[in-house]
Amino acid sequence: MKTRTLILLTAALPFMFSCQQSSNGDKAASKKTVLDTVKQCYTAGYEKDSAFLKLKITNTVNVLGDLTINYENKPANVGTVQGKFKGDTLYVDYTYKIGENDKNTYANPLAFLKKDGKLVMGVGQIETAYGRSYFVKDKPINFERGKFTFEEKPCK
């Protein structure tokens with residue numbers, strides 16, 4: 001009987017250790033995420049159009065946020081962005097609605113070049129396949145033709 005108990009305890013020991021180690025690792029990972037999260041807010045204007053971008057950047061590359069674009073004489077585009085920094089360029093998917101009463105949801109890729117503390121929105125050729133839009137792979141994104149240059153502002 002003692003041998004059987006000893007075998008069961010010996011077999012259970014690695015499982016108990018792995019559960020405890022995972023629990024400690026999860027706590028450390030969540031603390032790291034909190035420490036590595038940066039919030040940034042930006043505004044942009046072009047002629048009579050304006051835009052507001054609020055970002056939450058984790059681990060210096062992953063981005064979640066909100067983007068509102070107000071075009072003159074049109075309802076606002078209000079939505080969320082999700083993406084990543086690749087070098088000095090931020091690539092996101094922008095999911096939005098046009099106006100408050102629009103029941104449709106739209107999605108487009110956007111690219112921003114980080115330059116001199118600003119985010120410059122680029123213009124590129126987009127194609128759609130399998131219900132998803134993305135920038136054409138071998139076509140460059142032009143950041144000089146972009147309409148909005150976002151300047152960092154304090155978040156409210």
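Each value in this text was obtained by applying a stated rule to the coordinates, not by laboratory testing. Owing to the predicted nature of the structure, the values given are computational and were not obtained by experimental measurement. Glycine gets a Cβ as well: all are built from the backbone with ideal geometry, and neighbour counts include every protein chain shown.
Report the net charge of residues surrounding GLY79, where surrounding means a beta-carbon distance below 9 angstrom and charges are Lys +1, Arg +1, Asp -1, Glu -1. List each step's numbers first, then the result.
Numbers: positive: LYS97; negative: ASP66.
Result for the local shell: 0.
Find, among the trypsin sites (Lys or Arg not before Pro) in region 42-124, those assigned to loop by DSSP (not H, G, I, E, B) with at most 11 other beta-carbon atoms within 10 angstrom. Intermediate results must be reported in sequence, preceding the final value.
Working: sites: LYS48, LYS54, LYS56, LYS84, LYS86, LYS97, LYS103, LYS114, LYS115, LYS118; in loops: LYS48, LYS103.
Loop-located and lightly packed - LYS48, LYS103.
Could you please rank TYR42, TYR91, TYR134, placing first whichever residue has the fewest other Cβ atoms within 10 Å of its Cβ? Kindly include the intermediate steps, with their values, before the conclusion.
Details: TYR42 21, TYR91 18, TYR134 14.
Fewest-to-most Cβ neighbours within 10 Å comes out as TYR134, TYR91, TYR42.
Provide PHE135, PHE112 in ascending order of the number of other Cβ atoms located within 10 Å of each residue's Cβ, fewest first. Could you put the intermediate results ahead of the total?
Numbers: PHE135 18, PHE112 28.
Ordered by Cβ neighbours within 10 Å, fewest first: PHE135, PHE112.
What aspartates and glutamates does LYS54 reach when the alpha-carbon gap must be under 16 Å and sequence neighbours fewer than 8 apart in one chain are set aside?
Once the sequence-local aspartates and glutamates are set aside, what remains near LYS54 is ASP66, ASP93, GLU151, GLU152.
Using a cut-off of 12 Å between beta-carbons, work out the net charge of the residues near GLU127 (Lys and Arg +1, Asp and Glu -1, GLU127 not included). All intermediate terms of the calculation are to be shown ahead of the outcome.
Values: positive: ARG132, LYS137, LYS139; negative: ASP138.
Once positives and negatives cancel, what remains is +2.
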